[in-house]
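The values are calculated or read from the model by the stated rules, or taken from the named source; none is laboratory data. Because the structure is a prediction, the values reported are computed rather than measured. Note: ideal-geometry Cβ built from the backbone for every residue, glycine included; neighbour counts use all protein chains shown.
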Amino acid sequence: MSDQEQEILARIDEQVKNNPVVLYMKGTPQMPTCGFSSRTAEALVNTGEKFAFVNILADPLIMEHLPKYQEWPTFPQLYIDGELQGGCDITLEMAESGELKKMMAEANAKQQETA
Amino acid sequence: MSLTQQIENTVQNTFDPEVLTLENESDQHAGPAPESHFKLTLVSAEFNGQSRVKRHQAVYKALASLMPQFHALALHTYTPEEWTQRGQAPDSPPCQGGH
């Protein structure tokens, strides 16, 4: 593994661990540039819960190395409480069942306690 | 062999699925590539007891050598029991021309 790769993976790890909910997506929730990212961001917005996002198009190194982080080759990627939840399809299923809002709320509450 | 057939064969051999539906959705998306966007619905007993993340990771792993050749794979994985309750996979979103 190259130094650069290690450095990027460490940066991703920090983002995932320091944010209760973080979405890696193409574009932003306001201006998504891919249908899958768009639907996923919309599902998160609709929960009313707080979340962080990283626009991978603005950070090509993250885009290049993120697939190796959790052996997940596609975008978007959703992490809650440090754990990969999945991409668009899984997020929408979680939104439908109500699980998404619940998990986001719990992760956000947990961070407030420790802050 | 077309990319579609290669994906189907690989998935068939890896998961021994009860249901395997591979839809080519490339015509719903921007760009000229005829085999760029796919939707895969898979029902297999192999998924029993596996989380959704694990199921998707298993599919991605099986398709690792083919994935660089296409842009998007909408993935819907169910156990036979889940499939009986559900009966169909949700629709994919339209592409917005980004890459």
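Couple of notes before you dig in:
- Inspection of segment B:6-24 identifies at least one residue that is within 27 Å of residue B:81 (Cα to Cα), within 14 Å of another protein chain (Cβ to nearest Cβ) and acidic (Asp, Glu).
- In segment A:26-38, of all residues being surrounded by fewer than 20 Cβ atoms within 10 Å (Cβ to Cβ) and within 10 Å of another protein chain (Cβ to nearest Cβ), the one that is farthest from residue A:107 (Cα to Cα) corresponds to A:33.
- In this structure, residue A:104 does satisfy being surrounded by 15 or more Cβ atoms within 10 Å (Cβ to Cβ), within 25 Å of residue B:78 (Cα to Cα) and in contact with an Asp or Glu (Cβ under 8 Å, 6 or more places away or on another chain).
- Segment B:1-50: number of residues that are under 23 Å from residue A:91 (Cβ atoms), surrounded by fewer than 16 Cβ atoms within 10 Å (Cβ to Cβ) and touching a strand residue (DSSP E or B) at 6+ places or on another chain (Cβ under 9 Å): 5
- Selection of first residues in segment A:9-25 that are within 17 Å of residue A:108 (Cα to Cα) and without any contact (Cβ under 8 Å) to a residue 60 or more places away in the chain and of second residues that are among the aromatic types (Phe, Trp, Tyr) and not in a helix (DSSP H, G or I), restricted to Cβ pairs under 7 Å at least 6 apart or on distinct chains, gives the following pairs, ordered by first then second residue: A:22/A:51; A:22/A:53; A:22/A:79; A:23/A:51; A:23/A:53.
- Identity of the residue in segment B:72-99, closer than 20 Å to residue A:31 by Cα and in a loop (DSSP other than H, G, I, E, B), that ends up modelled with the highest pLDDT: B:92
- Failed condition for residue A:93, given (1) of a type in the set (D, E, K, R); (2) over 12 Å from the mean Cα position of the chain (by Cα); (3) modelled with pLDDT of 95 or more: (3)
- Flag if residue A:113 is on the phi > 0 side of the Ramachandran plot and either modelled with pLDDT under 95 or within 11 Å of chain B (Cβ to nearest Cβ) (or both): no
- Enumeration of residues in segment B:24-59 that are without any contact (Cβ under 8 Å) to a residue 60 or more places away in the chain and assigned to a loop (DSSP other than H, G, I, E, B): B:32, B:33, B:34, B:35, B:36, B:44, B:48, B:49, B:50, B:51
- Residue A:82, sole failed condition from (1) loosely packed, with under 15 Cβ neighbours inside 10 Å; (2) small (Gly, Ala, Ser); (3) over 30 Å from residue A:5 (Cα atoms); (4) in contact (Cβ under 8 Å) with a residue 40 or more places away in the chain: (3)
- Any hit, segment A:10-17, residues being surrounded by fewer than 21 Cβ atoms within 10 Å (Cβ to Cβ), under 22 Å from residue B:58 (Cβ atoms) and more than 10 Å from chain B (Cβ to nearest Cβ): no
Rundown of residues vs (1) within 13 Å of chain B (Cβ to nearest Cβ); (2) of a type in the set (A, V, I, L, M, F, W, C); (3) farther than 27 Å from residue B:65 by Cα, yes/no style:
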| position | (1), (2), (3) |
| --- | --- |
| A:23 | no, yes, no |
| A:60 | yes, no, no |
| A:74 | yes, no, no |
| A:90 | yes, yes, no |
| A:105 | no, yes, yes |
